[in-house]
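Asker: Sending over a structure as structure tokens; questions will come in a sec.
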Amino acid sequence: MDTLMLSRLQFAVATYFHFLFVPLTLGLSLLIAIMETIYAVRGREEYRAMARFWGKLFLINFAMGVVTGLTLEFQFGTNWSRYSRYVGDIFGPLLAIEATVTFFLESTFIAVWAFGWNRLSPKVHALAIWLVALASSMSAVWILIANSWMQSPVGFAMKNGRPVLSDFMAIVTQGYAILTILHTLAGSYIVAGFFVMGISAYHLLRKPQAGFFLRSFRIALIFALVFSIFEVVEGHMHGAGLALKQPAKLASLEAHWNTSANAPVYLLAVPDPENDRNSIEIGRVPGALSLLAFHTPAATVTGLKDIPRDQRPPVTPTFVSFRLMVMLGMLFLLLTVTGFFLRNRLPSCRLYLKVMIYAIPLPYVACALGWTVTEIGRQPWIVYGLMKTAEAVSPVSSSQVAASLAAFTIVYTLLGIAAFSLIARQARKGPDAVPKAQSAG
């Protein structure tokens, strides 16, 4: 493989691995803040114990997210130096704000929270974890704004052949960025909700401390239900944005080849990019794509045949990843709605509890699929319409990138085994001490 493909693989490995920890950091910090606020307001000790137990899992996860995030950012200089030089005037300030403001705020208050259990009042301690949750979300916001600019460049002027910042607020407030932020944060909250529900289900099946984990399950259930509904609704809003900003990505999401009004959606299709068609089409819904993209079935949707071959994204991985992501989103909605109706008799619903244990990794998979759709669907552009990915790679040999890719893969594998082993052991162990009021369901 050449330097370009190896660099893309290395960045994909680093990004996917890093994003195993980011969503849980975002979502679990907010759930813990809710639990600790209940303790601070009502004085119920079981919620303090709850925040401490889930907080230990949060700290392990957070530490791994920091380690993997640092190595990820270095790759902009090592593997994508031409890209860094090209967009540095715009990308640099956004990442600088994330690193010097939100990340340090997050890290500072994590320390305050982690070491302040017996040193701070309940309300001040709860405030500390709220600031962690806020800073974590704001850190993600700045990263997503930077990524959204790559997807939809705005607020710049071309000088000496490269984009230069001209309107900071246009970048920060553009609709594409806002939709991406909402979609990603909601997905992260679903990850955390299913994480807490799955571990709680494990303990509910084993019976010890059932009251403690029943309360944890119910808090996470409502949390995940709200954001599962929100994710489905908000995801629909991306259609119109893609139709205007990235018509090639929209066409590849639906394997839509011919420009037409009343454009259909297929429940299942097998794209055949070599022949500019679908080899198999099942479940045709006329007008659905036009309706999703432009809110009217009469609208015309650009097909892939009207987009030059060298500007089309890979159709099959984009189409398949999008379909799987949507299916998982609907599954999350089904599982949370089911849980809502079963919430008053959860301990007796053993089949549902077992399903929720096995469902823990599914939101992670959905997040990975979402980024696959976002990044592969943007190809061949690294900055949409301005710079192609092939033009962004560093002038290094393929052997150098192959060696670093192998090293990253080995190190990340070992780190992953260590991190998830620690999380699993702590999750199985349960809380150190649960107030007696919790022993009754």
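The values are calculated or read from the model by the stated rules, or taken from the named source; none is laboratory data. Only a predicted model underlies this, so the values are computations on that prediction, with no experimental measurement involved. For neighbour counting, all protein chains shown are included, and Cβ atoms are generated from backbone atoms with ideal geometry for every residue, glycine included.
Asker: So which residues in the range 360-408 are farther than 30 Å from Val154 by Cβ and either under 22 Å from the mean Cα position of the chain (by Cα) or β-branched (Val, Ile, Thr) (or both), if there are any at all?
Answerer: Result: Ile360, Pro361, Leu362, Pro363, Tyr364, Val365, Val396, Val401, Phe408.
Asker: Run Thr336 past the list (1) surrounded by fewer than 19 Cβ atoms within 10 Å (Cβ to Cβ); (2) assigned to a helix (DSSP H, G or I) and report the number of the one that doesn't hold.
Answerer: In the conditions (1) surrounded by fewer than 19 Cβ atoms within 10 Å (Cβ to Cβ); (2) assigned to a helix (DSSP H, G or I), Thr336 misses (1) alone.
Asker: Are any residues in the range 78-117 small (Gly, Ala, Ser) and within 17 Å of Ile143 (Cβ to Cβ), and if so, which ones?
Answerer: Correct list: Ser84, Gly88, Gly92, Ala96, Ala99, Ser107.
Asker: I'm told Val396 meets every condition in (1) over 30 Å from Leu304 (Cβ atoms); (2) of a type outside the set (Asp, Glu); (3) touching a residue at least 40 places away in the same chain (Cβ under 8 Å); (4) surrounded by fewer than 14 Cβ atoms within 10 Å (Cβ to Cβ) except one. Can you identify the failing condition by its number?
Answerer: Only one criterion in (1) over 30 Å from Leu304 (Cβ atoms); (2) of a type outside the set (Asp, Glu); (3) touching a residue at least 40 places away in the same chain (Cβ under 8 Å); (4) surrounded by fewer than 14 Cβ atoms within 10 Å (Cβ to Cβ) is unmet by Val396, namely (4).
For every residue, the table says whether it meets (1) aliphatic (A, V, I, L, M); (2) free of Cβ contacts under 8 Å to residues at least 12 places away in the same chain; (3) part of a strand (DSSP E or B).
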position	(1), (2), (3)
Ala263	yes, no, no
Tyr266	no, no, yes
Asn278	no, no, yes
Leu292	yes, no, no
Thr296	no, yes, no
Lys305	no, no, no
Pro313	no, no, no
Thr316	no, no, no
Phe322	no, no, no
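Asker: So, one more: Just one of Ala390, Ala418 is outside the structural domain of Pro308 (by TED's automatic domain parsing), touching a residue at least 12 places away in the same chain (Cβ under 8 Å) and in contact with a helix residue (DSSP H, G or I) (Cβ under 9 Å, 6 or more places away or on another chain); which is it?
Answerer: One residue alone meets the criteria, Ala390.
Asker: Of the residues Val41, Val13, Val67, which is outside the structural domain of Gly430 (by TED's automatic domain parsing), of a type in the set (A, V, I, L, M) and farther than 22 Å from Val226 by Cα?
Answerer: Val13
Asker: Of everything in the range 184-217 that's farther than 15 Å from Ile357 by Cα and at pLDDT 85 or above, which residue is surrounded by the fewest Cβ atoms within 10 Å (Cβ to Cβ)?
Answerer: Top of the filtered list is Arg215.
Asker: Please find, among Glu231, Glu254, Glu281, the residue that is outside the structural domain of Thr374 (by TED's automatic domain parsing) and either surrounded by 14 or more Cβ atoms within 10 Å (Cβ to Cβ) or closer than 25 Å to Leu333 by Cβ (or both).
Answerer: Checking each option against the conditions leaves just Glu231.
Asker: Scan (1) part of a helix (DSSP H, G or I); (2) free of Cβ contacts under 8 Å to residues at least 60 places away in the same chain for the single condition Ile282 breaks and write down its number.
Answerer: Every listed condition holds for Ile282 apart from (1).
Asker: Still on this structure: May I ask you to list pairs of residues, at least six apart or on different chains, whose Cβ atoms are under 6 Å apart, with the first in the range 202-223 being within 18 Å of Ser188 (Cα to Cα) and the second being at pLDDT 90 or above and β-branched (Val, Ile, Thr)?
Answerer: Ser216/Val196; Ala220/Val196
Asker: Another question, then. Considering only residues of the range 11-39 that are in contact with a Pro (Cβ under 9 Å, 6 or more places away or on another chain) and within 16 Å of Arg215 (Cβ to Cβ), which is surrounded by the fewest Cβ atoms within 10 Å (Cβ to Cβ)?
Answerer: If we take residues in the range 11-39 being in contact with a Pro (Cβ under 9 Å, 6 or more places away or on another chain) and within 16 Å of Arg215 (Cβ to Cβ), then Tyr39 is surrounded by the fewest Cβ atoms within 10 Å (Cβ to Cβ).
Asker: Mind counting the residues in the range 134-183 that are closer than 20 Å to Cys367 by Cβ and either modelled with pLDDT of 90 or more or not small (Gly, Ala, Ser) (or both)?
Answerer: 16
Asker: Test Ala243 against the criterion of being in a helix (DSSP H, G or I), under 25 Å from Met150 (Cβ atoms) and in contact with a strand residue (DSSP E or B) (Cβ under 8 Å, 6 or more places away or on another chain), and give yes or no.
Answerer: yes
Asker: Hey, can you tell me all the residues within the range 343-358 that are loosely packed, with under 15 Cβ neighbours inside 10 Å and more than 27 Å from Gly370 (Cα to Cα)?
Answerer: Asn344, Arg345, Ser348, Arg350, Leu351, listed by residue number.
Asker: To continue, here is another question. Being surrounded by 14 or more Cβ atoms within 10 Å (Cβ to Cβ) and either assigned to a helix (DSSP H, G or I) or of a type in the set (Ser, Thr, Tyr) (or both) is the filter here, so list the residues in the range 108-128 that pass it.
Answerer: Of everything in the range 108-128, those that are surrounded by 14 or more Cβ atoms within 10 Å (Cβ to Cβ) and either assigned to a helix (DSSP H, G or I) or of a type in the set (Ser, Thr, Tyr) (or both) turn out to be Thr108, Phe109, Ile110, Val112, Trp113, Ala114, Pro122, His125, Ala126, Leu127, Ala128.
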